[in-house]
Amino acid sequence: MTDGALRIPVPSRTGVLPRLGLLSRVLAVFAIAATAGLGGTWLAVDSGVGFGAVRVGAWVAHPRNGSVEADPYSRAVVARSGVMPLGLGEGLTFTAQRDDAGRPLVGACAYRVSGFVPPTRYWTLTAETPAGALIANPAGRHGFTSAEIVRGPDGSFVITVAPSARPGNWLPVPVAGRFNLVLRLYDTPISGASAVIDPARMPAIAQVACR
């Protein structure tokens, strides 16, 4: 080639590669943040977690779920489950996913639910799936009410939660899988002041035996 020949400049890649590397790192950070945020939200909704929870032993209640003060997570939980919570003027719902020792409630074990309930006009205790549905069983029994429970002389009660039939107050559950116990208090004076519940007035949940 002569000195007058046309020279075509070749772009340098030294400036392009750093920009591409920076862009990829920024996109990776956004992807991680989005995954963590969406994942955390999904876990919170799936586990039924909301703000304002009141814990009394193994029992957990969310008094604000049935009010206009319910937080977004609580509203998402309600929308996902399709279960209408009790309003503050109607009562209070307590759910137990574990026994008093912190072990998950499973159908392979038998449990003793005993003691008392806080002051209330009427109450029910049911066994439900983690999704909030009643558990089908051959006995056709899904729970007990305060009107039918067999009590002791002091007014206390004992309910045996187990997959096989037991004498007395027996609440059947599936042989396998996890379940929740749900205690609903209707027309109770503690609806708006649930933080002062005496733990001794809540039913104890003790594991008796496992298969």
Order of Asp187, Asp198, Asp100, Asp154 - criterion: other Cβ atoms within 10 Å of each residue's Cβ, fewest first:
Asp154, Asp198, Asp187, Asp100
Kindly write out, for the range 155-167 in residue order, the coupling ³J(HN,Hα) from the Karplus curve 6.51 cos²θ - 1.76 cosθ + 1.60 (θ = phi - 60°), rounded to whole Hz, with x marking Gly and Pro.
x, 7, 9, 9, 10, 9, 9, 7, x, 9, 4, 9, x
What is the spin-label model distance, in nm, from Ala101 to Arg55 if the labels are put 7 Å beyond Cα along the C-beta direction?
1.9
Per-residue ³J(HN,Hα) for the range 125-131, Karplus 6.51 cos²θ - 1.76 cosθ + 1.60, θ = phi - 60°, Hz, x for Gly and Pro:
10, 10, 9, 9, 6, x, 7
Net charge near Pro104 (other residues with Cβ under 12 Å of its Cβ; Lys, Arg +1; Asp, Glu -1) is +2
Along the range 181-190, what does the Karplus equation 6.51 cos²θ - 1.76 cosθ + 1.60 (θ = phi - 60°) give for ³J(HN,Hα), rounded to whole Hz, x for Gly and Pro?
9, 10, 10, 10, 9, 9, 6, 10, x, 8
Within the range 152-175, whose backbone N sits under 20 Å from a point 7 Å along Cα→Cβ of Ala206?
152-164, 166-172
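Read-outs throughout are calculated quantities, based only on the coordinates presented, and are distinct from any laboratory measurement. Source: prediction; values computed, not measured. When we count neighbours, we look across all protein chains shown, and the Cβ atoms used for this are built from the backbone with ideal geometry, even at glycine.
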